[in-house]
Amino acid sequence: MIEIAGLSMFLPPVPPKEQILYHNLPKKEQYWRREGIPQFYKDGIKEEEAKQKEQRKLVDSGILEKVTYYDPLLENYRREQWRKRKEGVWFYNNGEPVYLTGAHWFYLEVGKFDHVENDGYPMFYESQLERAYFREYCKEDPLSLGYFILGARGFGKTTEETSWIMESMTKGPRRRRAVIQSKSEQDAKDVIFKGKFVPMFKALPKYFQPENNHGTNPEAKLSFYKTAVKGAKAAETEFNEEEELESTIWFVNAKEKALDGQTLSEIYNDEIGKTHPKQEADVDKRMAVNRFCVFRNDRKVGLIRATTTVEEMEEGGKECELVYNKSNQLQRLTSGMTTSGMYRLFVGCLKTTTRFADKYGRIDEKKALEYHLAERKDRAHDIKSLSSWIRKNPLYEKECFIKDASKSLFNVFILTNRLSEIDLMKNPPYIKGNFYWKDGIPDTEVCFERDDIAGRWRVAKLLDIDQRYENQTKLANNVGFETLFGGKKIWHPRNNRLFRIGTDPIKYSKTKDPRASKAGMHVWEEYNPNIDHGKPMSEWISNNFIVEYVNRPEDPTTYFEDVILTIRYYSCSVLPESNIKELIKHLEDRGYGEFVIHKRNFDANEAFIASTRTDDGGLSSTSEVINSYVQRLISFVNKHGHRLKFPITIQQIMDFDPAAPTIYDAAVSAGYTLLAAEATIEEEEDTQDVSDWFDEYDQSGEKSRYIEHEESENMFEGL
């Protein structure tokens, strides 16, 4: 069993040694080479065809039922070729047995295109195996309506898909229909149909070419029908319908509904990441239409094959990314299918840089990496060129959709690379879960419970279980309080030297915008010399965001209470965006007003302070405030972006538009958190009550009674 893109696949058992190609060759000489049509076949076919031609005349006249003559030697050869096409082939590659699927063998053996180094035929590379097995899996899996192969340019994705579709369509079953779509109708016609399909079909051996009537240079379709016989001769012709497939391959325009309502066996969507959404089609919408061409009456009847390299995010890249995200086989609907119906496979540039391949088809990925890093370094002076190069030659799948650096305020290369690193981690650098009141009693101890499904918080650091804080007092729930007349408690934070919080409150209003704002909140861990003293900045553990909260509860009070749970657990102050006053009012009403950071907590010389007209708590979202936190985010990304832990925050920082901050809740929250980290807040001293200095006694009765400490504390409440 092998695993590809999270899918478990089984290969056929390795056959006996004598059935594996090149078994009789020295190990160093065991590598794939195209067999080609042997000379005996070329010599014998002319005589066989001449005799069959004579019999064909008799069949057309109705004298014979069918052509019966064949050369036994040639027929055995043809049957062996068809067996390889159906069952696949094993060969030794430098001593290792390798399995080629039938379609992969067909591609290497008869797929003549424009590979000049091999007389027009493809070379074998080990990286092809992953794609070949993946295609076969998607074809056989009833829950897969197709696949999406995304990756680097230049690895022959178009020729591969052409060959796989040709192999599928030039054999049974009959009455099948295949269609090609590309980034424009002209591309579908000239580049794919006339540039790939027609030449390949014409170069197929005769024994793989079905009967056809499309002529020698078809312009619109490949038609696998028998040529019609006209005139008086038609009445003499005995027609046998089994001699034709009645299948067709053609192309259509790129529009979203070009295939609406059709039932199809094969759909090839070429370069969906280069299809301009305004000039041609939104490929996300188009794929939603196409899926029902291969899924009819609640069953799979065909296959979608989609491939692309992404060039410009504004010219099809964004829509392509939506399709890719909907095709994740690791995230399925209740039906067992993905949202798009397809599975996905990423092909990075290290697997396709064939200049570093040996004769066994093995690519030296170390040399390939050195080459691509050097190319990136050479383009570092031209940000737009560098962005384009990375998208065309991605190391990680996130790099396929890297934002044009010239259109972003932030270093997209650091952020994209960090997203890729997190994607590749076996476990993310955080856990999901929920904070809650112990025993359901508010304003007591806050606890945390892991919940990988419905967790509202993403937490990279929990307190009192972290051994880095040796010899320190308990940190979680480290709050102080004072009791006012009437018994109301006013709570105070005691961990401001260690943590700060920023939040972007939610505004509840009716909207048709699917991107309606969410509440954002982050916890920041201040630089801790006990942890990071003496380390280079790149290896710091502290001085980072340790909690992310991005959520839109149905009831705003849920969010308000979530803020209280967070500030109480980490026992630190919070800086809210104050355009929405309800959060601050709720905190004050609940006794947590002392946790709110005010304008007075900042240096009065800061430009953004003057723009905040009142000091009711928090900072309003003025252009000066936005500019201030954006500058701090830029600086943090440049110095510490490689240590960020939360993908939502990373993506929103990368996409952030200061002119429309409303939809970037996580980015705004992160910005406010960095401002909160700079606020000057007087730390409440952890003073001890007189009851901690002396023993206490209750003298209300006839005899004095010693009072335990907790009981004493309760007696003084309300005084």
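The values are calculated or read from the model by the stated rules, or taken from the named source; none is laboratory data. None of the values given here were measured: they were computed from a predicted structure. When we count neighbours, we look across all protein chains shown, and the Cβ atoms used for this are built from the backbone with ideal geometry, even at glycine.
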>> Exactly one of these conditions fails for residue 45: (1) within 25 Å of residue 110 (Cβ to Cβ); (2) modelled with pLDDT under 95; (3) part of a helix (DSSP H, G or I); (4) out of contact with any Lys or Arg (no Cβ under 8 Å at 6 or more places or on another chain). Give me its number.
In response: (4)
> Do you know which residues across segment 84-110 are over 24 Å from residue 138 (Cβ atoms) and either charged (D, E, K, R) or part of a helix (DSSP H, G or I) (or both)?
Replying inline: 96
> Does residue 133 satisfy being of a type in the set (Phe, Trp, Tyr), in contact with a strand residue (DSSP E or B) (Cβ under 9 Å, 6 or more places away or on another chain) and modelled with pLDDT of 95 or more?
Replying inline: yes
> What residue, among those in segment 59-81 that are part of a helix (DSSP H, G or I) and modelled with pLDDT under 90, is surrounded by the fewest Cβ atoms within 10 Å (Cβ to Cβ)?
Replying inline: 60
> Do we find that residue 653 is at pLDDT 80 or above and among the aliphatic types (A, V, I, L, M) in this structure?
Replying inline: yes
> Across segment 320-356, which residue is nearest to residue 131 (Cα to Cα) among those that are polar (S, T, N, Q) and over 16 Å from the mean Cα position of the chain (by Cα)?
Replying inline: 352
> Mind checking whether some residue in segment 658-667 is hydroxyl-bearing (Ser, Thr, Tyr) and either assigned to a helix (DSSP H, G or I) or touching a strand residue (DSSP E or B) at 6+ places or on another chain (Cβ under 7 Å) (or both)?
Replying inline: yes
> Being hydrophobic (A, V, I, L, M, F, W, C), in the same structural domain as residue 632 (by TED's automatic domain parsing), in contact (Cβ under 8 Å) with a residue 24 or more places away in the chain and under 23 Å from residue 548 (Cα atoms), is that true of even one residue in segment 599-609?
Replying inline: no
>> Restricting to segment 90-127, give me the number of residues that are touching a helix residue (DSSP H, G or I) at 6+ places or on another chain (Cβ under 7 Å), surrounded by 17 or more Cβ atoms within 10 Å (Cβ to Cβ) and polar (S, T, N, Q).
In response: 2
>> For the list (1) assigned to a helix (DSSP H, G or I); (2) in contact (Cβ under 8 Å) with a residue 24 or more places away in the chain; (3) out of contact with any Leu (no Cβ under 6 Å at 6 or more places or on another chain), I need the number of the one condition that residue 398 fails.
In response: (3)
> Just for segment 1-27: of the residues that are in a loop (DSSP other than H, G, I, E, B) and of a type in the set (Val, Ile, Thr), which one is farthest from the chain's Cα centre (by Cα)?
Replying inline: 20
>> Could you tell me how many of the residues in segment 372-394 are crowded, with 20+ Cβ neighbours inside 10 Å and not in a helix (DSSP H, G or I)?
In response: 2
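One line per residue, one yes/no per condition, for (1) among the small types (Gly, Ala, Ser); (2) in contact with a Ser or Thr (Cβ under 9 Å, 6 or more places away or on another chain); (3) within 25 Å of residue 567 (Cβ to Cβ):
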{"residue": "597", "(1), (2), (3)": "no, yes, yes"}
{"residue": "611", "(1), (2), (3)": "yes, yes, no"}
{"residue": "623", "(1), (2), (3)": "yes, yes, no"}
{"residue": "629", "(1), (2), (3)": "no, yes, yes"}
{"residue": "634", "(1), (2), (3)": "no, no, no"}
{"residue": "648", "(1), (2), (3)": "no, no, yes"}
{"residue": "657", "(1), (2), (3)": "no, no, no"}
> For segment 147-187, what are the residues that are part of a strand (DSSP E or B) and closer than 25 Å to residue 210 by Cα?
Replying inline: 177, 178, 179, 180, 181
>> Among the numbered criteria (1) crowded, with 23+ Cβ neighbours inside 10 Å; (2) over 29 Å from residue 424 (Cα atoms), which one does residue 680 miss?
In response: (1)
> Does at least one position in segment 38-46 carry a residue that is touching a residue at least 60 places away in the same chain (Cβ under 8 Å), hydrophobic (A, V, I, L, M, F, W, C), within 22 Å of residue 205 (Cα to Cα) and out of contact with any Ser or Thr (no Cβ under 6 Å at 6 or more places or on another chain)?
Replying inline: yes
> Which of the following residues is assigned by TED's automatic domain parsing to the domain that holds residue 665 and either in contact with a strand residue (DSSP E or B) (Cβ under 6 Å, 6 or more places away or on another chain) or closer than 24 Å to residue 431 by Cα (or both): 588, 582, 548?
Replying inline: 548
>> Residues that are modelled with pLDDT of 95 or more and assigned to a loop (DSSP other than H, G, I, E, B): does segment 312-327 have at least one?
In response: yes
>> assigned to a loop (DSSP other than H, G, I, E, B) and at pLDDT 95 or above: which single residue out of 338, 307 fits that description?
In response: 338
> How many of the residues in segment 126-146 are more than 24 Å from residue 391 (Cα to Cα) and outside any helix (DSSP H, G or I)?
Replying inline: 5
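Per-residue answers, yes or no, for (1) closer than 18 Å to residue 478 by Cα; (2) in contact (Cβ under 8 Å) with a residue 12 or more places away in the chain; (3) surrounded by fewer than 24 Cβ atoms within 10 Å (Cβ to Cβ):
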{"position": "519", "(1), (2), (3)": "no, yes, no"}
{"position": "526", "(1), (2), (3)": "yes, yes, yes"}
{"position": "536", "(1), (2), (3)": "no, no, yes"}
{"position": "539", "(1), (2), (3)": "no, no, yes"}
{"position": "550", "(1), (2), (3)": "no, yes, yes"}
{"position": "554", "(1), (2), (3)": "no, no, yes"}
{"position": "557", "(1), (2), (3)": "no, yes, yes"}
{"position": "568", "(1), (2), (3)": "yes, yes, no"}
> Out of segment 290-301, which residues are touching a strand residue (DSSP E or B) at 6+ places or on another chain (Cβ under 9 Å), in a loop (DSSP other than H, G, I, E, B) and surrounded by fewer than 20 Cβ atoms within 10 Å (Cβ to Cβ)?
Replying inline: 301
> Of 359, 366, which residue is outside any helix (DSSP H, G or I), over 21 Å from the mean Cα position of the chain (by Cα), modelled with pLDDT of 90 or more and not assigned by TED's automatic domain parsing to the domain that holds residue 655?
Replying inline: 359
